[in-house]
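Chemist: After the structure tokens below, expect a handful of questions from me.
The values are calculated or read from the model by the stated rules, or taken from the named source; none is laboratory data. This is a predicted model, so every value here is computed, not measured. With ligands, DNA and RNA removed, areas are computed over all heavy atoms of the protein, side chains included. Shrake-Rupley method; radii C 1.70, N 1.55, O 1.52, S 1.80 Å.
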Amino acid sequence: NSKEQFKSHRIMSGKKEAPASNAKLALLVAAWYAGNTFYNIYNKKATNMIHAHWFVATAQLVVGIVWSLTMWTTGIRKTPNLSGADIASCIPIGLFASLAHSGSVLASAGG
């Protein structure tokens, strides 16, 4: 059972975990919701202003790629150690995630 393995790993590591705080969780969910709301409002305004929904969706993905590469090359974030098989298994996930992102940006044009 993975739950038991996790529990035994925690015990063996000697680290005590603080109990989860419901207030902290509620605050984080509210912050995520507020950020998501402002993001959607900004997307709607930006795409309606320039009438280039595909461009905005693509530009957001390109900025994310450049940001990740910058974090890895500067050493701020550890570069993932991926094999060719790992990369190949991530390609469909990345493709569908980018299509879902584009779909959400395009959906803002409709409503």
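Chemist: Please report the relative contact order for the range 33-106, taking Cα pairs under 8 Å with a sequence separation of at least 6, and give it as a percent rounded to a whole number.
Modeler: Relative contact order, the range 33-106: 48 percent.
Chemist: Could you provide, to the nearest whole Å², the per residue accessible area of the range 31-111 with probe 1.4 Å?
Modeler: Computed with neighbouring chains in place, this is 75 Å² per residue.
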